């Protein structure tokens, strides 16, 4: 029997298994999108000590020289022969043991929602207090809670009752001992995706997760078009609200059915979302977010009756909305900042959530500033000539060598390119100088005269005075056009300039940055090489990049599991200052500079 | 021009008018059920100084020797000729200037409900806080008030807003300056009658009052039969609740229409009612009130959303339920105690609310004890052979002299006798010894042999071995039967024994009692002579009797006009101890003794 040493702990293993399998069996958290086939290159890990098999050909595809020098290997292709000591590397963050995905920091668990069981004293002729006063003498305060009050006659038909408290305040009372059943849901409402995570508060962990496309996308792909939908349609807000609530109720139903849980035993929903989503969720007109001076209606954390919102959980259930910072730095970002502990770090850390909107937070030794950049939908594959959402048939990875290697989702015939594929492609084109610093695709003649590139000369096509780079000669529809490159260029320019503007505002040199954290579902799919290659992140930060996954959902979970974090979240939201880029001096020039590859 | 001096103030008058007219013109509050015709004897007043007409024959009918000695006169029959100084007498309590009826003590006005107007700062690019935070910086805290939150976009379309506070807590926010419109309603829900009083909180006064029969009476005349109705009918509670809520909404509509007020500007309802009515009002099953150990579901004061109860006032309006003491000493009695300041008197005062249930509170120098006596409906004319509700055609006063004089409501042909008429009749029969101490009607022969009574001998009739006293030989249906007398006897026995039991419990001699206060709509119609004559109140207390009118309604009004009184009400409810007569030692014998006339 041999031992794997990691994180100052040791885990038994039997020889013959891959390092990845051993790590996954012990629930130590390591992603493997390709399922251990050695084709995705995501399971990088640092070997500290121990006897293992030699570096394989497959690994050479994914490891650069520096990584090889540093004993980085792919976990799925390493077969330990004896005791082995390894270390997770910076861009592969360790996952929490119970959660199915996403990093969660250590914190003291003290759920906001609790349940307590009481034995009931019945009134007697000698002591015929009102039922309410009998409970009161046990410390159960009904006060003005009408729903609890009308339940009392049936409560007293039993010998026990269960009282549900939210932050020590009674919110409901139930017949008999129901203490076994105490659930909440963390909800991450993205512009594109809605994720619902079922939390068992007795076990203090996530037990299941469901997600769905945000049905509002029918009415606009980004927040501004949805705000506009509310503006031009009299019942636009009602529609956006209704489809979202229906979607949430569907996710709740699914989670309940799969886990054999009664909706009545879900007592709270914690919601992280951008500011526009938050407004449409509670049916508040978001119009003011979309026009100067860009004031939202509300930002602070709220606790609202689930009934009032039409959300089907316990009849006395509550919906907690996490606090936001501004119209364009929402509660999802506050959640991420908290998950990364940016409010109490002694480092300089940059946090970026890449999506249709790029949100950036800079923590200068806990001093927090943020900005938002309108990246546009190009990075997610929209507004791109052959762009498509990440789904079956989408090219998600591209490597340009002798051949142009393409990884297609679902291993289907390629139909288009999704966001990560486009960024890969442009990153590769920039690396090989198929495009110049300005983003211009080189002429076929220039390529032909370059020995290392001339095999690609036929991929450069001029059509109707527009140039494009074809990814597959046999399927010329799959191409990156000059216009596509401009779109991506604008997006990367927006993010990169926001990045530099924040550094400047906070008077930090790029070399003083200790970490760059990439948050969000989408960011997770962008490799370090692509991010750096396309220039969204400057090259000098390559080794400082970490991925945090869906920190919006994780933050929402944390507000369910800890009172302190719920309070802290409010404080973080107040403490993050917001920097409006468009009014920053010199921003225009900075943006132009940042367009360059 | 001459002056009327009263209450240390003077009022101009022109000669030729009756004293009653002068008092009523100046809104000083004096009742005159007969409208100044000299036939009801209610407008008694003490003449201190001044030249007036001599005592009239009509007045002699209503004034006893002592009153005449003390210069008591009937206001409607006094015509002042020059300056006159008068004083209200104890059993005719001065009414508040603005209120249309009922005594209200002096207290500091500080309405619980307030409205404040704010100028709105609009967000700017330099200061683009959320709308909520802009209000917050002005001290307007929306917090978790969902209704207020969703109103904000429309609020900010204007330059001003009005914020409604309940006890300094924001309950709602309105567009523009609506400070002129600030109303509440005081509601007295009796088993028989529902009274709604419209309060203008800007003027801090009652501006109108409407009442209606409690529609629940279709389902039982007293609280026990209504509780039973809930018990035997699956949807009994729903029915009782619905008809009551409908009735309340009708009264609110009437008040709004008559006074040209918008329902949305009524922000609170304060409700005084007995414990069973309170339960059915908020749709809580009252069954536990009706069976041992007689525990109600709740007693403490409550503030509930009007919406939750289906009461149509402001969409964010509240319903305040006054606190009660026990299943049979409700919030209506607590209100009465507060109106009479029994919680801070240095006297010994007995408070009686006579009705289907007789509730008695004894204040021994502010030390409060209560009991409840099941008087039954006889005193209100129910369960009586020719009994009827006080309405057109009901005999309400009876005087037996040479003739039997009957005063009929509406001056119609008499159809039956209402409560006050029955008590009058039995009081007269006892005075003339037509009935003996045990309540037995004398034989016709005994009456014939009595010179002062023999003219009434034909009124005594034996029929089917049952004796009765006919009030009108030409209409023998109008009669008081032996059984009727037994019913009244049981009622008066219940109240009188409760009265004595309380004195005994508190160790007070009857001579130490300083006042006996008769509360309630019904009690108002019982003259001192009848109350004493029939023996509900012992003779020695005759001159100590005061009438307070509908103190339940008045108390509810006071909780709207004063925060302090609302708090005090809660304290009073806790401080009144409750004495369960049926478990008191020796109560049975006391009750038997109290049956005697």
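Where a number appears in this text, it was derived from the coordinates with a stated rule and is not lab data. Predicted model only: the values in this text are computed from it and were never measured. Here Cβ is always computed from backbone atoms with ideal geometry, including for glycine, and neighbour counts include all displayed protein chains.
Values as computed for the structure displayed
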item	result
Nearest 10 degrees, 0 to 90: helix B:146-155 Cα axis against chain B principal axis	60 degrees
Exposure proxy order (Cβ contacts within 10 Å, fewest to most) of A:388, B:558	A:388, B:558
Cβ-vector label at 7 Å, residue B:16, separations to other copies in nm	12.6
Size of the stretch A:2-88 as Cα extents on the principal axes (Å, biggest first)	30, 25, 22
Euclidean distance between Cα centres, the stretch A:509-579 to the stretch A:449-500, Å	30 Å
Burial ordering of B:206, A:588, B:287, fewest other beta-carbon atoms within 10 Å first	A:588, B:287, B:206
Cβ-vector label at 7 Å, residue A:169, separations to other copies in nm	0.8
Viscosity 1.306 mPa s, temperature 10 °C, Stokes-Einstein D of the stretch A:183-321 from Kirkwood C-alpha radius, µm²/s	104 µm²/s
Kirkwood Rh in Å, taken over all unlike Cα pairs in the stretch B:535-580	13.2 Å
For B:322-330, mean number of other protein chain Cβ atoms within 10 Å	1
Which of B:230, B:594 has the fewest Cβ neighbours within 10 Å, and the rest in rising order	B:594, B:230
For residue A:110, inter-copy label distances in nm, listed shortest first [label point 7 Å out on the Cα-Cβ vector]	3.6
Cα-only radius of gyration and Dmax that characterise the protein assembly as shown, units Å	42.2, 150
Per-residue [θ]222 nm for the protein assembly as shown (sum of -39500 (n - 2.57) over DSSP H runs n ≥ 4, rounded to 500)	-8500 deg cm²/dmol
Average beta carbon contacts from partner chains per residue of B:118-131, 10 Å cutoff	4
Rg/Rg_ref, the stretch A:255-368, where Rg_ref = 2.2 N^0.38 Å and atoms are Cα	1.24
Dimensions (Å) - the stretch A:380-486, Cα atoms, principal axes, largest first	38, 26, 23
DSSP-defined beta bridges in the protein assembly as shown - what % are antiparallel, rounded to 5	70 percent
Size of chain A as Cα extents on the principal axes (Å, biggest first)	105, 68, 48
Inter-chain shielding of A:160-166 (mean C-beta neighbours from other protein chains, 10 Å cut-off)	0
Rg in Å to one decimal, and Dmax rounded to a whole Å, for the stretch A:113-175 via C-alpha atoms	11.1, 36
DSSP bridge orientation in the stretch A:254-366 - percent antiparallel, rounded to nearest 5	75 percent
Rotationally averaged projected area of the stretch A:480-541 (alpha carbon convex hull; nm²)	4.7 nm²
Antiparallel bridges, percent of DSSP beta bridges restricted to chain B (to nearest 5)	70 percent
